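Working notes for the structure below.
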Amino acid sequence: APVSLLSRFRGALVASVVGDCVGGEFEGAEDVPLDRVLQHLSGLEDETRGDGILQYSDDTAMLRCVAQSLLTRMGFDEQDMARSFAKEYSLAPGRGYGAGVVQVLRKLASPQLSDVFQPARAQFGGRGSFGNGGAMRAAPFALAFRNIADVRRYARFGAMLTHSCSLGYNGAVLQALAVHLSMQGDLALPQKFISKLISEMEEVEKDETARSDAKVLNLAEFPYCARLHRVKELMEQNSVSIEEVISELGNGIAALESVPTAIFCVLHCLEPREGLSEHYGGLERTIAYSLALGGDTDTIACMAGAIAGAHYGISAIPQSWLKSCEGAVEAEHLAERLYKLYNDRDNDQ
Ligand code: F2R
Ligand code: MG
Ligand code: MG
C-alpha cells in the first residue's frame, strides 16, 4: 500500500529516536557480532525484561530542540535554536555529548552572546568541528521545508551553531537531503536516489571553503561526493562484507565517516540480507545492520533510521521497539505538528 506523507513524517522522527536508543548499547564497540545485535533487538519484544526503557542520547536531545524551535518560530531562528540547545544541555548534561561540543553549549547559554555562531567558530583552534553532531539532528529540516534549496540552506545554518567546519555542516546538509528525497518516495529507485544526492552534493561542495577545508584536512576533492560514489560502487557489488563497509565508508564520529555510511545502510537493507532475520522488514533490517557495523552506532542508526522511516513510514516500526524507547511517543507528536506546518506553507515555500 502507498505510504502516506503523514506516515513518512512520523516514521522519520520515530525511527531516528529508536535508532539512537537501541544503538546506544554498542556505541564505541569495535566488533559487534550480528548475534548480539539480534539478541538485543529481540529483547525489546520481551515485556517482562527487567532493564526498563532505553534512554535516548544527545542525538535525540538535540533533534528535539531543532524540531521544537522550527515549530515555535515557524521556521529557522538561530537565536531560538541556540538557546534551546543550551537550555537542554544545562538541564540534562549527561546524555553523552561530544567532548568538544559541550564548550559551545556552555557558551551559548550566556545572555551576553550576540553572535550565536561565534562559539562554534572557536572550536578546535578555529578550524571548527567536523563531528557528526550537526548531521545527527538534521532530519527535522527536511520536514519543515518543502523546497530543497531551503532544506539545504537551513540544515547548513542549523549545524553551524555547533559545527563550523564545512565537513561538519555539509554532513548535516547531506543527511537532510537524504531524508527529503526519501520523503518524496525517491528510494523506490535506489540508483536514481544516490545519483540525485551526488549531483546535489556536487553543488554544495563546489564552495570555496569546502574545497579549502578538504585540502587542509588532506581529503579527496569533493569528499562527500567521493564517498557517495563509493556507496554506489558497493551497491553494485554482489556481496559486501561489514569490514569492507567500514574500511570504504567508515563508522566513526566524524560526519564524513558516518553520514554516507548511514545512507549505505538504508540502501543495502532495501532487500533481505543474509544473517538478518527473514521476519524483519526493511526498517528493522536497516537498524539492525547499522548496529552491526559497530563504532558510532547510536548516531549511524539514528541517521539511517530517519532516512528509512521516511521511506517505510510509521507502521514499519514494531510497537515493541517504539514502546521500549524513551522519547519515541513525543517524536511522533513532533512529527504530526511538523506535518501541519509543512501543509500550512504555500506550495512554493
Ligand atoms: N560523544 C559521543 N560518544 C562518546 C561516548 C559517550 C558515552 N556514551 C558517554 O556517555 O560518555 N557521542 C555523541 O557525540 C557524537 C557527536 O559529536 P559532536 O556533537 O559532533 O561533538 P564534537 O565534540 O564537536 O565532535 C566530536 C569529536 O570529533 C573530533 N573532532 C571534531 N572536529 C575536530 C577537529 N576539527 N579536529 C580534531 N578533532 C575533531 C573530536 O574528538 C570531538 O570530540 C555522536 O556520536 C553522539 O552520539
Ligand atoms: Mg549519542
Ligand atoms: Mg554517537
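Quick notes on this one:
- Rg and Dmax of the range 53-134, both derived from C-alpha coordinates alone, stand at 12.6, 40 Å.
- Every Cα-Cα pair in the range 240-323 was counted, and those over 17 Å apart are 41% of them.
- Footprinting exposure proxy for Ser258, Ser277, Ser324 (fewest neighbouring C-beta atoms within 10 Å first): Ser277, Ser324, Ser258
- Residue order, fewest to most beta carbons within 10 Å, for Phe141, Phe26, Phe124: Phe124, Phe26, Phe141
- Rg of the Cα atoms in the range 214-286, relative to 2.2 N^0.38 Å, amounts to 1.20.
- Ordering Val245, Val17 from the fewest to the most neighbouring beta carbons within 10 Å gives Val245, Val17.
- Dipole orientation for the chain: of the candidates Gln118, Ser166, Ala149, Gln118 has the Cα lying most toward the positive pole (charges on Cβ; Lys, Arg +1; Asp, Glu -1).
- For the range 141-206, the Cα gyration tensor yields ellipsoid semi-axes of 20, 13, 9 Å (square root of five times each eigenvalue, largest first, whole Å).
- Rounded to the nearest 20 debye, the dipole size of the range 86-208 about its Cα centre is 380 debye, using +1 on the Cβ of Lys and Arg and -1 on the Cβ of Asp and Glu.
- Extent along principal axes [Cα atoms of the range 278-349; Å; largest to smallest]: 42, 24, 23
- Computed [θ] at 222 nm, deg cm²/dmol, the chain (DSSP H ≥ 4; -39,500 (n - 2.57); rounded to nearest 500): -19000 deg cm²/dmol
- Largest-first principal axis extents of the Cα set of the range 141-274 (Å): 41, 35, 22
- At 0.890 mPa s and 25 °C, Stokes diffusion of the range 109-175 via Kirkwood alpha-carbon radius, µm² per second: 205
- Dipole magnitude (debye, nearest 20) for the chain, charges at Cβ of Lys, Arg, Asp, Glu: 1080
- Whole-Å semi-axes of the chain's equivalent ellipsoid (Cα gyration tensor): 27, 23, 21
- Debye-sum result for the range 1-117 in log10 I(q)/I(0), which assumes one identical scatterer on each alpha carbon, at q = 0.13, 0.14, 0.20 Å⁻¹: -0.69, -0.78, -1.15
- One chain, two ends: Ser239 and Arg127. Fully extended at 0.36 nm per residue, the span grows by 36.5 nm beyond their Cα-Cα distance.
- Size of electric dipole in the range 1-127: Cβ of Lys, Arg +1 and of Asp, Glu -1, about Cα centre, debye, nearest 20: 720
- For the range 273-345, the residue among Tyr342, Ala316, Thr297 whose Cα projects farthest onto the positive side of the dipole built from Cβ charges is Tyr342.
- Burial order of peptide ranges 178-185, 314-321 (average beta-carbon count within 10 Å, highest first): 178-185, 314-321
- Dipole of the chain, positive direction: furthest Cα of Cys265, Gln79, Met201, with charges on the beta-carbon: Gln79
No lab work stands behind these numbers, since they all come straight from the coordinates. Computed from a predicted model, the values in this text were never measured in an experiment. Don't worry about glycine lacking a Cβ; one is built from the backbone with ideal geometry, like all the others, and counts go over all protein chains shown.
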